[in-house]
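Below is one structure, written out as structure tokens, with a few remarks after it.
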Amino acid sequence: MALDISPSSDRSARPRRRGHDPESVLSAAVAVFNERGYDGTSMEDLARALGVTKSAIYHHVPGKEQLLARALDRALDGLSELVADERATCGPAVDRLEWVVRQSVRVLTERLPYVTLLLRVRGNSATERAALARRAELEAFAGRLVEEAAAEGAIRPGLDPALVTRLLFGAVGSIAEWHRPERDAPAADVADALVRMTFEGLRRA
């Protein structure tokens, strides 16, 4: 019997390229945004990264800005959840502040590509400005915790609460620039080290 090498038979023998779903499209888009910058990324760039046509991407999302919005929401939703937690709203302010710092590190490392993207937006579009407004609300919440801790006498006198807030959460944000889960210490260890270095100097003796 002759071997059937017709085009249809040949196609069926080839391994099929894995299809994409909304989650894989978003993940790939965030990787490209972080590498090239959002403004420097085109739909052609995203299509090449995914190995599909542009029309295939439009099957999942209306356009590039919607991908950005979904990515920024992924980062911000994690942060919003932690500040709404009872452990961030009940008890001594300095203990709540420490908990928020620890959990911020956890969210950052668990959602590293998304938080990295959030930290890099500059307000060049309505989507970016909306994300920055949400981020500002979260930072204001942290600032109020520092002010409450100072009012309760739990942190050293003479420290400017606004400066303390910037230093604490600037340190948290810097983790996005160097932390790589596959090679670095676990998130809990990173949080422990950060809390020890900052709160031992912050808490009133």
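The values are calculated or read from the model by the stated rules, or taken from the named source; none is laboratory data. Here the structure is a predicted model, which is why all the values come from computation and not from measurement. Ideal geometry is used to build each Cβ from the backbone, glycine not excepted, and the neighbour counts take in all protein chains shown.
If you go through the range 81-88 one residue at a time, do you hit one that is of a type in the set (Gly, Ala, Ser), part of a helix (DSSP H, G or I) and farther than 30 Å from GLU148 by Cβ?
no
Within the range 172-181, is there a residue that is over 15 Å from the mean Cα position of the chain (by Cα), surrounded by 12 or more Cβ atoms within 10 Å (Cβ to Cβ) and assigned by TED's automatic domain parsing to the domain that holds GLN103?
No: zero hits.
Search the range 89-101 for residues being in a loop (DSSP other than H, G, I, E, B) and without any contact (Cβ under 8 Å) to a residue 24 or more places away in the chain, and hand back the single one that is surrounded by the fewest Cβ atoms within 10 Å (Cβ to Cβ). Outline the logic, then answer.
Going residue by residue through the range 89-101, those that are in a loop (DSSP other than H, G, I, E, B) are 89-92.
After this cut, where a residue has to be without any contact (Cβ under 8 Å) to a residue 24 or more places away in the chain as well, the list is 89-91.
Working: THR89: 11, CYS90: 9, GLY91: 11.
Taking the candidates together, the pick is CYS90.
In contact (Cβ under 8 Å) with a residue 24 or more places away in the chain, in a helix (DSSP H, G or I) and within 29 Å of GLU65 (Cα to Cα) - does that describe any residue in the range 163-170?
yes
Of these, ALA205, ALA176, which one is out of contact with any His (no Cβ under 7 Å at 6 or more places or on another chain) and within 26 Å of LEU72 (Cα to Cα)? Before you say what the answer is, go through the steps one by one.
Working: ALA205 fails: within 26 Å of LEU72 (Cα to Cα).
Just a single option satisfies the conditions, and that option is ALA176.
Among the listed residues ALA69, ALA49, which satisfies the condition of being at pLDDT below 95, part of a helix (DSSP H, G or I) and either touching a Pro at 6+ places or on another chain (Cβ under 9 Å) or surrounded by 13 or more Cβ atoms within 10 Å (Cβ to Cβ) (or both)?
ALA49
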